[in-house]
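Q: So that we are looking at the same thing, I have put the structure below in structure tokens.
Every number in this text was worked out from the coordinates using simple rules, so none of it is lab data. Everything quoted here is computed from the prediction, not taken from an experiment. Because the Cβ atoms are built from the backbone with ideal geometry, glycine has one as well, and the counts that use them run over all protein chains shown.
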Amino acid sequence: MTVIFFVNGVLLASWTAHIPHVKASLGLDDGALGIALLGAPAGSVLAMLLTARLIARIGSRRMVRITLVGYCLAGPVVGLTGSLAGLFLALGAWGAFQGTLDVSMNTQAISVERRAGRPLMPGFHAWWSIGAFAGAAVGALGVAIGLSLSGQLAILALPCLLAGGWLATQMIPDVPPAARAKPPAHSARQAGTAQRAAWLAILMLGAIAVADMLCEGAAADWAAVYLRTTLGTAPAVAGLGYACYSLAMVGVRLGGNRLLARFTARRLLPFLAAAATVLFAAGLAVNSVPLVLIGFGGLGAGVAAVIPAVFSAAGRVPGINAGTAVSMVSAFGWAGFVLGPVLIGQLAGATSLRIALTAVPALTALIAVSTATCRELRQA
């Protein structure tokens, strides 16, 4: 499973260094590029919603094999487009395969975790983050030596397909949905109530995912901007904001399996989110570069284990296929990731970026409360 998570991250991140070249070669301005880049998350969200039904029928291990091939083959097409519409559609197709692979590998990870009988999801997500770091480095190297985006993704696709495809054949069958207590035959109302309770649980977990991914999107798109424009730091220092965030996230995820086994999600997640709230709010209040960097690091640590724990909890909701549950929660999360930077930008335009970023500690405080009270996380 770690290889599949790594492959997902390395391919996705490897193209980011080529974005300026793609923008220049197609003659796009910032607004047009922003529209084109929406293709990937739009494709991911739509595919996740469609996957909700499909994965319950054919299973996650078959879905991983199919979507891994599509993900590896669709990537090079992005570099062959010659227009804004073509780039949007190519990114949409690539994003659809990436999103479906994301749901499928997380569904398989739930089965592995349940068979092992101990938390494993944070470790899997750590390898996605490590893959993203490696992909960013590969992309930077590709740009430095003049390798095209299509050539780079085609070269990466071969080992990813060979290693990931072979290991996918060793995957296990999905764990069937947890059974509910069977109501009496005459009690159709009780059955309907149980079904509504299950979907309310998915909505609750989805809401937590939205809040978490809003924070992640804000950190990814606004950390460097805040440090550069509001605090006036050098470009190299501005880049440290997201680096601190990412490194703290990887560190917590690498130790997340042991942390969740020892403290459980209902204790660990509220503590980390509360710490993130205090550290990020302090950084904004004092507004000094060192404290802001500590704040972004605290934010990365605070949200690192939320999505892995939420996916695990979604897979345990009684009466709902794990793949269906993960698809719905993932779609919520991706929507939050897309909307987060936009909302921060709108707030910043109406007030200031510093004031707009106060939404982040407000969201982490909400995460702290909701993870402490969410029934599905308390029953982990």
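Q: Would you kindly state how much longer the chain becomes between D29 and L347 on full extension, computed as 0.36 nm times their sequence separation minus their alpha carbon distance, in nm to one decimal?
A: Between D29 and L347, full extension yields 112.2 nm more.
Q: Return the ratio Rg/(2.2 N^0.38 Å) for region 195-378, where Rg is computed over Cα atoms only.
A: Region 195-378 yields a ratio of 1.03.
Q: What value in Å³ per residue do you get for the convex hull of the alpha-carbon atoms in region 238-307?
A: 68 Å³
Q: Still on this structure: Return the FRET efficiency for the residue pair V3, A85: r is the Cβ-Cβ distance, R0 is 25 Å, and the value is rounded to the nearest 0.05.
A: About 0.10, to the nearest 0.05.
Q: Under a Cβ-only charge scheme (Lys and Arg +1, Asp and Glu -1), can you give me the dipole magnitude of the chain about the Cα centre, in debye to the nearest 20?
A: 1460 debye
Q: Kindly list the residues of region 339-380 that lie in the label zone of R196, defined by a backbone N under 20 Å from the point 7 Å along the Cα-to-C-beta vector.
A: 375-376
Q: Next question. Among V250, A223, I320, flag the residue with its Cα farthest along the positive direction of the charge dipole of the chain, charges on Cβ as +1 for Lys/Arg and -1 for Asp/Glu.
A: It is I320.
Q: Quick one: what does P(r) look like for the chain with 10 Å bins over all Cα pairs, in whole %?
A: 5, 23, 33, 26, 10, 2, 0, 0
Q: May I pose another question? By Kyte-Doolittle mean hydropathy of at least -0.5 and Cα axial length of at least 15 Å, which whole DSSP H helices of the chain are selected?
A: For the chain, where a helix must reach 15 Å along its axis and average at least -0.5, the hits are 2-14, 39-58, 60-78, 84-116, 121-144, 149-168, 188-225, 240-254, 265-286, 289-303, 322-350, 359-373.
Q: Subtracting the Cα-Cα distance from 0.36 nm times the residue separation, let me have the gained length for S288 to A261 in nm, one decimal. Write out the running numbers ahead of the final one.
A: Numbers: separation 27, 0.36 × 27 = 9.72 nm, distance 3.65 nm.
The S288-A261 span can extend by a further 6.1 nm.
Q: Starting from the Cα of L162, step 7 Å along the direction of its Cβ; do the same at V225; then give the gap between the two resulting points in nm.
A: 4.2 nm
Q: For region 28-160, report the convex hull volume of the alpha-carbon atoms normalised per residue, in Å³, without decimals.
A: 121 Å³
Q: Find which of A96, I145, G27 sits farthest along the positive direction of the dipole of region 2-168, computed with +1 on the beta-carbon of Lys and Arg, -1 on that of Asp and Glu, about the Cα centre.
A: Highest projection toward the positive end goes to A96.
Q: Could I ask something else about it? Quick one: pull the percentage of alpha-carbon pairs in region 309-380 with a separation above 14 Å. All intermediate terms of the calculation are to be shown ahead of the outcome.
A: Working: 1763 of 2556 pairs.
Result for the distance tail: 69 percent.
Q: Determine which residues of region 282-316 fall in the zone a paramagnetic label at A243 would reach in this model, i.e. backbone nitrogen under 15 Å from the point 7 Å along Cα→Cβ.
A: Label zone hits: 290, 293-294, 296-297.
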